[in-house]
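To start, the structure under review is shown below, and the notes come after it.
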Amino acid sequence: MSSSALLEPTPELSKALHQDVVEDQSSSSIINRLKSKNKELQTQSINTYKQFWEDSENNNEESRTTMYKTLTNTYYNLATDFYEYGWGESFHFSRRSVGETHRESTRRHEHLLFSSAQIKAGMKVLDVGCGVGGPARECIRFTGAHVTGLNNNDYQIQRANIYAAKYKQQDYSTFVKGDFMDMPFADNSFDAVYAIEATCHAPVLKGVYSQMYRVLKPGGYFAIYEWCLTDKFDATNELHRKLALDIEHGDGIAKLFGTDVALQAAKDAGFEIEVVSDIAHETTVGNEIPWYSYLDVGMIDFSGIQGFARSHIGRKFTSNAVKVLEKVGIAPEGTVKVQDVLTTAADSLVAGAKIEIFTPMYLIVGRKPLN
Ligand SMILES: CC(C)=CCC[C@@H](C)[C@H]1CC[C@H]2C3=C(CC[C@]12C)[C@@]1(C)CC[C@H](O)C[C@@H]1CC3
């Protein structure tokens, strides 16, 4: 099978695949969402995604980086509903202190980035790879800025617009479809730019960081949480290589880069670096819970359906429930495979984190020089 077998992620495909769910203004349950997919297109999407990774022709970095747009788009067409069901509206990890809820730690993690980027009321801010807009909405609440969310996935843009209407934030946010390697914005048009666990989908980090530099006004701040392989990653170690590939496959990433590559890319893009830190390994008062704990074996969260859904045992429950839904024809054929891909993601992230070869929160804060 050639790499072109992945379905072209056009707006028409999105509309046909997700059907009337995109028009739904209420927060629809995962069952309703699965029920209303175009079954044939959903099955085709997951089969081609699986095939893409199994196909040895595609299972090499060059082919994956060439196909990054289609690869990541196909992934989010399949994963978005599950992410919202098990994680909420902000698609990222966070450090958590004892006594802190998932929502509280998510917010705190976002606030740290917004403060690092010096975002203030009235500023024009860009969120690169905004998902369904969870962090953008919090940025608006926390700072009073106007946030433009850039995303290449039509379904996520539609979800973001639905939420903006729900939370009455239309005047403070705009969600734009576009490729972060070739942004549809003029030079020097934003006061601050940030990205949360999103630019790892880029085929070349310097490419996306250079675009962030280009659209940022001189003197403006750039702040990112990057997904990276750490210095402990050893490319000659078979287990390390397998875990990196599983993270890529499970999370729709063409290629993971090292922290050294990310930092150099930010410098090469032109930023004056002010802060660099793998905050996964920083300790703060009471911060004793690793970022991956929710996904780890033995962790049970009784804080509600979402808490249960993201736990290891909850994932097993979801896999079995999805099998039944698929059997009785409610969920499209192949939905079990989507849950399998997500299980690969969760397991490899936890394993990679435990041996410290991976971090989802390599913080880089830089500034575009005034001259
Ligand atoms: C892919 C990138 C760059 C960022 C997303 C990070 C996380 C928010 C996701 C990574 C793995 C995801 C999984 C889930 C939610 C979102 C993630 C943690 C689930 C818990 C959602 C519910 C499913 O039934 C199981 C998923 C496992 C993986």
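Nothing in this text is a laboratory measurement; each read-out follows from the coordinates by a stated rule. These numbers were taken from a predicted model, which means no experiment stands behind them. Methodologically, a virtual Cβ is constructed for each residue, glycine included, from the backbone with ideal geometry; neighbour enumeration extends over all protein chains shown.
A few comments on the model shown:
- Checking each residue in the stretch 113-146 for being in contact (Cβ under 8 Å) with a residue 60 or more places away in the chain and either under 18 Å from the mean Cα position of the chain (by Cα) or within 16 Å of the ligand (Cβ to nearest atom) (or both) picks out Leu113, Phe114, Leu126, Asp127, Val128, Gly129, Cys130, Gly131, Pro135.
A quick yes/no check of all residues on (1) farther than 19 Å from Asp251 by Cβ; (2) surrounded by 21 or more Cβ atoms within 10 Å (Cβ to Cβ):
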{"position": "Tyr76", "(1), (2)": "no, yes"}
{"position": "Phe82", "(1), (2)": "no, yes"}
{"position": "Tyr85", "(1), (2)": "no, no"}
{"position": "Glu89", "(1), (2)": "no, yes"}
{"position": "Val98", "(1), (2)": "yes, no"}
{"position": "Glu104", "(1), (2)": "yes, no"}
{"position": "Arg107", "(1), (2)": "yes, no"}
{"position": "Glu110", "(1), (2)": "yes, yes"}
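- Across the stretch 292-325, the number of residues qualifying as within 10 Å of the ligand (Cβ to nearest atom), of a type outside the set (S, T, N, Q) and either in contact with a Pro (Cβ under 7 Å, 6 or more places away or on another chain) or not in a helix (DSSP H, G or I) (or both) comes to 1.
- Residue list for the stretch 326-353, restricted to those being assigned to a helix (DSSP H, G or I) and more than 19 Å from His249 (Cα to Cα): Glu326, Lys327
- Candidate set from the stretch 182-200 (those that are in contact (Cβ under 8 Å) with a residue 60 or more places away in the chain and within 16 Å of the ligand (Cβ to nearest atom)); member that is surrounded by the fewest Cβ atoms within 10 Å (Cβ to Cβ): Glu197
- Selection of first residues in the stretch 87-111 that are free of Cβ contacts under 8 Å to residues at least 40 places away in the same chain and of second residues that are among the polar types (S, T, N, Q) and part of a loop (DSSP other than H, G, I, E, B), restricted to Cβ pairs under 8 Å at least 6 apart or on distinct chains, gives the following pairs, ordered by first then second residue: Ser105/Ser94; Ser105/Ser97; Thr106/Ser90; Thr106/Ser94; Arg108/Ser94.
- Failed criterion for Val98 (all others in (1) within 24 Å of Val336 (Cα to Cα); (2) β-branched (Val, Ile, Thr); (3) not in a helix (DSSP H, G or I) hold): (1)
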